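The values are calculated or read from the model by the stated rules, or taken from the named source; none is laboratory data. These figures come from a predicted structure and were not determined experimentally. Don't worry about glycine lacking a Cβ; one is built from the backbone with ideal geometry, like all the others, and counts go over all protein chains shown.
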Amino acid sequence: MYSFFIDGMELPIAPQKLTVKIKGNNKTLTLINEGDINFLRAPGLTEITFDAILPMLGQYSFANGYRRPDSYLNKLESLMTGKEPFRFLVSRVSPSGRLLYDTNMKVSLENYTVTEDATKGPDVTVSITLKQYISYSTKTVTVVKPKPEKKPVVQQKKKRETSSAPKVKTYTVKSGDCLWNIAKKYYGNGAQYTKIYNANKGKIKNPNLIYPGQVLTIP
């Protein structure tokens with residue numbers, strides 16, 4: 001079972017195809033009498049593309065309830081105009097409920113295309129392109145005007161982070177608890193248990209096995 005989440009909002013129908021492009025930045029140089037060499041560089045930002053179907057009518061059965069396409073389109077518009085990165089999550093779970101692996105990445109919404117094709121019914125198709133976002137910080141430098149007999153002095157201030165660190169919550173596991181129920185308590189959606197699992201991989205070997213007394217970080 002696949003579940004797609006964009007900034008915490010689950011898509012009503014999991015896309016049939018997901019493309020993840022990891023772009024290399026290597027550069028080929030030609031040296032005199034030596035031929036071509038490959039100059040290796042750090043890889044570029046990962047790009048993710050997929051098509052999401054937004055049902056116009058409530059003819060499908062969803063665990064998270066029926067929503068009209070405009071609620072998802074409004075979400076995409078707010079992400080495009082908000083100029084803030086967000087979390088993209090794909091959860092892959094076996095029919096028995098065992099977590100296979102997931103994609104959990106901070107991204108930006110690069111572009112999206114809305115298509116309505118009457119020959120294919122009333123549903124709306126949205127082609128979405130996301131790009132990996134890596135947090136960075138900036139430095140502020142102040143040049144102090146010297147006295148006539150002294151050279152200029154450069155003062156460097158501390159790094160200023162572009163975003164504040166999130167507050168960390170913890171939860172102590174009780175008898176009968178499972179990651180699904182804990183995620184449902186904090187996020188309102190049990191499918192987001194992978195957030196808790198990823199934040200506690202040093203404590204949890206198997207997401208299906210947690211024990212009373214464990215103190216879990218809630219991201």
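Filtered by the rule that a residue be at pLDDT below 85 and either closer than 20 Å to Gly97 by Cα or polar (S, T, N, Q) (or both), the range 161-189 gives Thr162, Ser163, Ser164, Gly176.
Screening Leu45 with (1) in contact with a Lys or Arg (Cβ under 7 Å, 6 or more places away or on another chain); (2) farther than 30 Å from Cys178 by Cα; (3) hydrophobic (A, V, I, L, M, F, W, C); (4) assigned to a strand (DSSP E or B) gives one miss only, at (4). Out of all the residues in the range 82-102, is one or more within 16 Å of the chain's Cα centre (by Cα), surrounded by fewer than 16 Cβ atoms within 10 Å (Cβ to Cβ) and among the hydroxyl-bearing types (Ser, Thr, Tyr)? The answer is yes, given that some residue of the range 82-102 is within 16 Å of the chain's Cα centre (by Cα), surrounded by fewer than 16 Cβ atoms within 10 Å (Cβ to Cβ) and among the hydroxyl-bearing types (Ser, Thr, Tyr). Once the range 194-219 is narrowed to residues that are assigned to a helix (DSSP H, G or I) and touching a residue at least 60 places away in the same chain (Cβ under 8 Å), the residue that is surrounded by the fewest Cβ atoms within 10 Å (Cβ to Cβ) is Asn198.
Among the residues of the range 115-133, none qualifies, meaning not one is surrounded by fewer than 18 Cβ atoms within 10 Å (Cβ to Cβ), in contact (Cβ under 8 Å) with a residue 24 or more places away in the chain and aliphatic (A, V, I, L, M).
Quick check on this structure: which one of Gly65, Gly82, Gly8 is at pLDDT below 85 and out of contact with any strand residue (DSSP E or B) (no Cβ under 6 Å at 6 or more places or on another chain)? Talk me through it step by step, then tell me what you get.
Working: Gly82 fails: at pLDDT below 85; Gly8 fails: at pLDDT below 85.
Matching residue, one of Gly65, Gly82, Gly8: Gly65.
Within the range 87-109, the set of residues being of a type outside the set (Ser, Thr, Tyr) and either over 21 Å from Leu45 (Cα atoms) or not in a strand (DSSP E or B) (or both) comprises Arg92, Val93, Pro95, Gly97, Arg98, Leu99, Leu100. There is no residue in the range 30-45 that is closer than 27 Å to Pro85 by Cα and among the polar types (S, T, N, Q).
Residues in the range 64-111 that are acidic (Asp, Glu) and without any contact (Cβ under 8 Å) to a residue 12 or more places away in the chain: Asp70, Glu77, Glu84.
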